[in-house]
Amino acid sequence: MKLEKNKFSAALATNTTQYGFWLSLPDNSIAEMAAATGFDWLLIDHEHGLFELRDIATHLQAMAPYGVAPIVRPASDDPVLLKKMLDIGVQSLLIPMVDTAEQAAAIVSAVRYPPGGTRGLGTSMARAAKWNMVPGYVQVANDELCLIVQVETATAMENLDAILAVEGVDGAFIGPSDLSASMGHIGDAGHPEVVAAISSGLESICAAGKHAGLLCLDPDLVQTYVAGGANFVGVGVDTLVLTQGMRAIKDRFKKSNGSAATVPHAGY
């Protein structure tokens, strides 16, 4: 039995833009539906979503039969949390709120086995190692990791070049919402100053030879950022798709004054 190749790393190596979708709801039926739609990657958001470790594992299992690449954003860079996520089979991590090169270096160490890092060994209990059925797992696991750090504050942007220079950091993901708040434009990720900062950041990431990504729900801005070097972009969120879809149906059948519109019986 061989270690599964990292689908996200393999896709990024094709030098084509990879479009993804954000998952924040822990029902694995949603993960399976999203996986079946044909997105390049799906991000499981442990930071802001309703996930526990078991939920992440079932999401990974639901996605496994499909070609989609899973990414997980943990709630923090706690080495114990990262170790447990790696053990359940996470190969691509997006670490939030990375502000300094020192923090990035500590994360690199936490996710790698010795001698390149400090990740603890527990392969007999690890789904990632197929419970010790992957021969030589500890020798090859580091090769299939993809570590993306999230830069989402003014401090992180100031330190971006130093963060990108850390060996073992594969890319950087700019967080427009938190960055806008840090820059004094909370709630306005499309503010010209924020857009300019993001564009400058993407240029720096590309110049460093690293992968550049972000989450953007404005189609016009998506095209701007892709043209500026972003090669993996989140373009949707499960909760927003559901609420916007439900509101659209409601608006179609319910008058604005709150009274229900008369609709024909649906027959079921």
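The values are calculated or read from the model by the stated rules, or taken from the named source; none is laboratory data. Source: prediction; values computed, not measured. Here Cβ is always computed from backbone atoms with ideal geometry, including for glycine, and neighbour counts include all displayed protein chains.
With respect to the conditions (1) surrounded by fewer than 22 Cβ atoms within 10 Å (Cβ to Cβ); (2) outside any loop (DSSP other than H, G, I, E, B); (3) of a type outside the set (Val, Ile, Thr), residue 76 lacks only one, and its number is (2). Scanning segment 1-43 for residues that are part of a helix (DSSP H, G or I), within 21 Å of residue 209 (Cα to Cα) and either among the hydroxyl-bearing types (Ser, Thr, Tyr) or touching a Cys at 6+ places or on another chain (Cβ under 7 Å) (or both) returns 8, 9. Applying the criterion of being touching a His at 6+ places or on another chain (Cβ under 9 Å) and assigned to a loop (DSSP other than H, G, I, E, B) to the residues of segment 44-55, the residue that is nearest to residue 27 (Cα to Cα) is 51. The residue of segment 56-73 that is surrounded by the most Cβ atoms within 10 Å (Cβ to Cβ), among those that are in a loop (DSSP other than H, G, I, E, B) and modelled with pLDDT of 95 or more, is 68. Return yes when residue 90 is at pLDDT 95 or above, surrounded by 19 or more Cβ atoms within 10 Å (Cβ to Cβ) and either of a type outside the set (Asp, Glu) or within 15 Å of residue 171 (Cα to Cα) (or both) and no when it is not. For residue 90, the condition - at pLDDT 95 or above, surrounded by 19 or more Cβ atoms within 10 Å (Cβ to Cβ) and either of a type outside the set (Asp, Glu) or within 15 Å of residue 171 (Cα to Cα) (or both) - is met.
Within segment 214-221, does at least one residue satisfy the condition of being more than 26 Å from residue 119 (Cα to Cα), in a strand (DSSP E or B) and under 17 Å from the mean Cα position of the chain (by Cα)? Yes; the residues of segment 214-221 include at least one that is more than 26 Å from residue 119 (Cα to Cα), in a strand (DSSP E or B) and under 17 Å from the mean Cα position of the chain (by Cα).
Of the set (1) modelled with pLDDT under 95; (2) farther than 27 Å from residue 216 by Cα; (3) among the polar types (S, T, N, Q), all apply to residue 15 but (2). Regarding segment 194-207, can at least one residue be identified that is acidic (Asp, Glu), closer than 27 Å to residue 93 by Cβ and modelled with pLDDT of 95 or more? Yes.
Filter segment 227-241 down to residues that are part of a helix (DSSP H, G or I) and touching a residue at least 60 places away in the same chain (Cβ under 8 Å) and give me whichever is surrounded by the fewest Cβ atoms within 10 Å (Cβ to Cβ). Step by step, filter segment 227-241, then rank; the result is 239. Taken together, the residues in segment 12-33 that are of a type in the set (Gly, Ala, Ser) and touching a Gly at 6+ places or on another chain (Cβ under 9 Å) amount to 2.
Of the residues making up segment 79-104, those that are under 27 Å from residue 153 (Cα atoms), within 16 Å of the chain's Cα centre (by Cα) and not in a helix (DSSP H, G or I) are 90, 91, 92, 93, 94, 95, 96, 97, 98.
Here residue 171 meets each of (1) under 17 Å from residue 43 (Cα atoms); (2) in contact with a Pro (Cβ under 7 Å, 6 or more places away or on another chain); (3) small (Gly, Ala, Ser) with one exception, condition (2). Looking at this structure, is residue 99 in contact with a helix residue (DSSP H, G or I) (Cβ under 7 Å, 6 or more places away or on another chain), touching a residue at least 60 places away in the same chain (Cβ under 8 Å) and of a type in the set (D, E, K, R)? Yes; evaluated as a whole, the condition is true for this residue.
Kindly evaluate residue 208 against the criterion of being among the hydrophobic types (A, V, I, L, M, F, W, C), in contact (Cβ under 8 Å) with a residue 40 or more places away in the chain and surrounded by fewer than 18 Cβ atoms within 10 Å (Cβ to Cβ). It is true that residue 208 is among the hydrophobic types (A, V, I, L, M, F, W, C), in contact (Cβ under 8 Å) with a residue 40 or more places away in the chain and surrounded by fewer than 18 Cβ atoms within 10 Å (Cβ to Cβ).
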